[in-house]
1. Say R0 is 41 Å: what FRET efficiency, to the nearest 0.05, do residue 15 and residue 67 get from their beta-carbon distance?
2. Along the Cα-to-Cβ line of residue 117, 7 Å from the Cα, sits a label point; which residues in segment 61-100 have backbone N less than 20 Å from it?
3. What's the extension gain from residue 90 to residue 74 if we count 0.36 nm per residue and subtract their Cα-Cα distance?
4. Between residue 3 and residue 59, what length comes free when the chain is fully extended (0.36 nm per residue of separation minus the Cα-Cα distance, one decimal in nm)?
């Protein structure tokens, strides 16, 4: 293997390191740095001082629903490669339907479990 084969990769690594350095230096010089007053005391964008609580507490149900969405969304993403290579497996006479049906069964069982436990209900 020649070193010239790795030249594009080396150029990209050097470019990425330089770009990261330039961004850090630029943010240091142009970034808002107020040492006298904290950000909590300053007005936010519109210039009007905030009144009351600036942050609200979210219910745990919100986070559980968000985690379930991410979980099932990622599992559905695993189906995309299967759908794209399904014909190739059938042409090679490889059994692919059984494992994917097992995967889908686990998904459905998990969803039914969450529905029965009330994980998707907002109000109780």
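1. For residue 15 and residue 67, the calculated efficiency is 0.65.
2. Under cut-off, by backbone N: 61-76.
3. Numbers: separation 16, 0.36 × 16 = 5.76 nm, distance 2.51 nm.
Additional length available on full extension: 3.3 nm.
4. Gain in length upon complete extension: 14.5 nm.
Rule-based calculations on the coordinates, nothing more; no lab input. Bear in mind the structure is a predicted one, so any value in this text is a computation, not a measurement. Ideal geometry is used to build each Cβ from the backbone, glycine not excepted, and the neighbour counts take in all protein chains shown.
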